[in-house]
Amino acid sequence: MIERLLEAYATLMSRAPGAAFRKARALYLNKYPLPQADEQTPLKLFVCDEQLTETVEPEEGGDPQQRLVTLRSTPGALALVHWQQTDPSPDDLVRHYLRQSWGLDPGALILNACSEPWFRNGGHQIRITPPTGLFVQQRSLLSLSE
């Protein structure tokens with residue numbers, strides 16, 4: 001049910017600054033919405049409160065000097081922004097957008113209106129609890145020096 005959202009999240013995160021650059025990464029997530037098919041819609045979906053977890057473990061059956069590093073990114077919330085508008089978007093537009101753009105059932109989501117506008121007065125925002133299973137994971141091999 002969240003395939004489109006997963007694909008867009010993976011695309012957005014593939015272009016994000018590395019996790020070591022926390023401020024640049026946070027700015028990127030505030031500035032760029034999840035890529036969507038209809039760019040003309042007045043609604044945009046952003047990732048907020050990104051949660052990063054990193055694990056380092058020995059590679060099974062591999063060189064003892066190598067470790068498998070896994071970085072997992074999960075949004076703490078999504079922000080549905082009525083782009084450059086101070087008023088909330090109509091409920092029917094929100095429901096239509098979530099169904100058509102992302103294949104989501106609005107009735108199954110927790111939506112909370114926010115009193116503060118999105119980043120740099122980007123527009124009225126509604127915070128959404130992200131669906132279960134929305135994460136991106138990257139793995140890489142780390143070689144330890146002797």
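Values quoted throughout were computed directly from the atomic coordinates according to the rules given, and no laboratory measurement underlies them. Please read these numbers as outputs of a predicted model, since none were measured by experiment. Cβ: placed from backbone, ideal geometry, glycine included. Neighbour counts: every protein chain shown.
How far is helix 22-31 tilted, in degrees, relative to the longest principal axis of the Cα atoms in the chain, given as a value from 0 to 90 rounded to the nearest 10?
Orientation of helix 22-31: about 30 degrees from the principal axis.
Using the Cα centre as the reference, give the magnitude of the dipole from point charges on the C-beta atoms of the chain (Lys, Arg: +1; Asp, Glu: -1; all else neutral), rounded to the nearest 20 debye.
With only Lys, Arg, Asp and Glu charged at Cβ, the dipole is about 440 debye.
With +1 on each Lys and Arg Cβ and -1 on each Asp and Glu Cβ, and nothing else charged, work out how big the dipole of the stretch 63-105 is about its Cα centre, in Debye to the nearest 20.
Charge dipole of the stretch 63-105: 240 debye, to the nearest 20.
With the dipole of the chain worked out from charges on the C-beta (+1 for Lys and Arg, -1 for Asp and Glu) around the Cα centre, which of Leu68, Ala16, Leu109 lies farthest toward the positive end?
Of the candidates, Ala16 comes out farthest on the positive side.
For the chain, what number results from the quotient of the Cα radius of gyration and 2.2 N^0.38 Å?
Its radius of gyration relative to the 2.2 N^0.38 Å reference: 1.21.
With a 10 Å radius around each residue's Cβ, average the other Cβ atoms per peptide and rank 118-129, 49-60, highest first.
118-129, 49-60
Against the longest alpha carbon principal axis of the chain, how many degrees, from 0 to 90 and to the nearest 10, is the axis of helix 91-102 turned?
30 degrees
Kindly express, to the nearest 10 degrees and within the range 0 to 90, the angle between helix 3-14's C-alpha long axis and the longest C-alpha principal axis of the chain.
Here the helix axis deviates by roughly 60 degrees.
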